[in-house]
Amino acid sequence: MMEKQYTDVLIIGAGPAGLAAATNLFESGFKITILDEFPHPGGRLLGQFHEESDGSWWIGRQVASELVEMTKQPNISLQCGVSVYGLKQISEGWEVLSSVGTIETKYLLLATGAAEIPVPLEGWTLPGVMSIGAAQVLTNVHMVKPGDRGIIVGVNVLGLAISRELAVAGVDLAGIVLSPNNLFSGENANPVEAINLLMSLSHLAPSAWMRLGGSLAQKMKMGKWVSTFFPRQGMNVWDIPLLLKTTISSIQGKKSVESVVLADVNSSGQIIAGSEREEKVDFVALAGGLYPLAELAAVAGCSFLYLPELGGNIPLHNEQMKTPLSNLYVAGNITGVEGAQVAMAQGKLAARSIGNDAGLLKNGREKIAEAMDEVHQVRKTATIQFHPGIIAARKRVYEMYDSLQKESLTS
Ligand SMILES: Cc1cc2nc3c(=O)[nH]c(=O)nc-3n(C[C@H](O)[C@H](O)[C@H](O)COP(=O)(O)OP(=O)(O)OC[C@H]3O[C@@H](n4cnc5c(N)ncnc54)[C@H](O)[C@@H]3O)c2cc1C
């Protein structure tokens, strides 16, 4: 039987949120343990890069190795290849069940990130069909091309961001098309909704021309109008055809992907009969979007809120990253889907909250206020935003937390 381990702070997830939390906590002198089920630390940083508005490149892998370097401290133990599958509240903190046995901790931080929403369609079990995240990992982490020529299914921020990464890596893309119109796709199959989403994020667009066009169209509420005049043959974005009036109806192939059947759609996303045609590709990347990976918070007994602007169900927490459960904190995409810079700022804030609750942070109130301010600033200037309405949705979460806390004090 494996012996029980003891630590002061246990962080689940060695992505930007978890690593930033650890690097901001080590001076407390706490014994800190970070667990991650992936063989390498860095989380989703390992596969991502993007161009900032000043033309410089933000390379996630570089940021990850800097953070990992900073965790090399005598009081930090970073353990990869370890899965956590259970949590139990005990009188002095939390008991954590993992693939290397049970670990007891006083403070627990969940920084488990996000997961991809699947896009089921005919032929999606053929070899050569993968999630867009898998295409990203193959290309940017393992340096293996997912195929010779592919197509991206799903018009959303993740799909666009990773399409660009694939194009930069020299992967040939036939285009980005709408999700298939079926039981699972909902608004993702609708061209007007796709245009509305792109317009609401137009301030992040890669060119001044697109930014101006998007914000004018948004002000004039022209989503439907734009979709009427959007060219059926698509528009090139970073040399990738963005086909907002084209959907996929099936994936074809005997042993692996050989082609896809594409079709034109009307403004409500219905296939226009007779427009079906075959496109030769050898891989298909499905981009259904992201949702917060929050199962461990549910196991712990957290209350949840459903907020589509944050990616779905999120554990209730306050602005200082505390949940209503004693000594349980959250940071990063588990609290809502945003980019890695926001996750890092949230990790720092969670670290300060833990330090303050433990009575180890000098000028705790000011330091927490400063870290909260940093989260706001980073969020406001983030190059990648996954959903519109994030700031208002976050405010609703904190108000809900405060009102539930007040209720429990008066009852
Ligand atoms: C497939 C995918 C691709 C993405 N690509 C981009 C992109 O290109 N650009 C962008 O800006 N954002 C991207 N994101 C968003 C990304 O989640 C954030 O940018 C950022 O990485 C979030 O940081 P985090 O620390 O919250 O989570 P993550 O970086 O996801 O790290 C969480 C870590 O927790 C670990 N973990 C989860 N559950 C357990 C468990 N039970 N036991 C042990 N370990 C566990 C995971 O292995 C992971 O390493 C992507 C997200 C996903 C899911």
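The single condition among (1) modelled with pLDDT under 95; (2) over 30 Å from Lys31 (Cα atoms); (3) within 16 Å of the ligand (Cβ to nearest atom) that Ser268 does not meet is (3). Taking the conditions (1) farther than 24 Å from Val168 by Cα; (2) more than 9 Å from the ligand (Cβ to nearest atom); (3) aromatic (Phe, Trp, Tyr) in turn, Phe38 satisfies each one other than (2). Identify, please: which residue in segment 156-178 is within 16 Å of Thr247 (Cα to Cα) and touching a strand residue (DSSP E or B) at 6+ places or on another chain (Cβ under 6 Å) and is, among those, nearest to the ligand (Cβ to nearest atom)? That would be Gly159. Applying the condition of being assigned to a loop (DSSP other than H, G, I, E, B) and small (Gly, Ala, Ser) to segment 351-373 and asking which residue is modelled with the lowest pLDDT yields Gly359. Against the test of being closer than 17 Å to Val137 by Cα and either more than 8 Å from the ligand (Cβ to nearest atom) or touching a residue at least 24 places away in the same chain (Cβ under 8 Å) (or both), the options Gly55, Gly29, Gly15 yield a single qualifying residue, Gly15. Considering every residue within segment 325-348, establish whether at least one is assigned by TED's automatic domain parsing to the domain that holds Glu104, among the basic types (Lys, Arg), away from the ligand (no atom under 15 Å from the Cβ) and at pLDDT 95 or above. No, segment 325-348 contains no residue that is assigned by TED's automatic domain parsing to the domain that holds Glu104, among the basic types (Lys, Arg), away from the ligand (no atom under 15 Å from the Cβ) and at pLDDT 95 or above. Look at (1) surrounded by fewer than 16 Cβ atoms within 10 Å (Cβ to Cβ); (2) in the same structural domain as Pro39 (by TED's automatic domain parsing); (3) without any contact (Cβ under 8 Å) to a residue 60 or more places away in the chain and you find that Gln89 fails only one, number (3).
Inspection of segment 135-148 identifies at least one residue that is of a type in the set (A, V, I, L, M, F, W, C), surrounded by fewer than 23 Cβ atoms within 10 Å (Cβ to Cβ) and more than 14 Å from the ligand (Cβ to nearest atom). Scanning segment 281-307 for residues that are over 30 Å from Thr323 (Cα atoms) and touching an Asp or Glu at 6+ places or on another chain (Cβ under 7 Å) returns a single hit, Asp282.
Remark: pairs (first residue in segment 281-299, touching a residue at least 40 places away in the same chain (Cβ under 8 Å); second residue near the ligand (Cβ under 10 Å from one of its atoms) and charged (D, E, K, R); Cβ separation under 7 Å; 6+ apart in sequence or on different chains) = Gly288/Glu116; Leu290/Glu116. Yes or no: segment 209-228 includes at least one residue that is more than 24 Å from Ser53 (Cα to Cα) and at pLDDT 90 or above. Looking through segment 209-228, none of the residues is more than 24 Å from Ser53 (Cα to Cα) and at pLDDT 90 or above. Looking across segment 326-348, the residues that are over 14 Å from Leu110 (Cβ atoms) and in a helix (DSSP H, G or I) come down to Ala340, Gln341, Val342, Met344, Ala345, Lys348.
The values are calculated or read from the model by the stated rules, or taken from the named source; none is laboratory data. Because the structure is a prediction, the values reported are computed rather than measured. For neighbour counting, all protein chains shown are included, and Cβ atoms are generated from backbone atoms with ideal geometry for every residue, glycine included.
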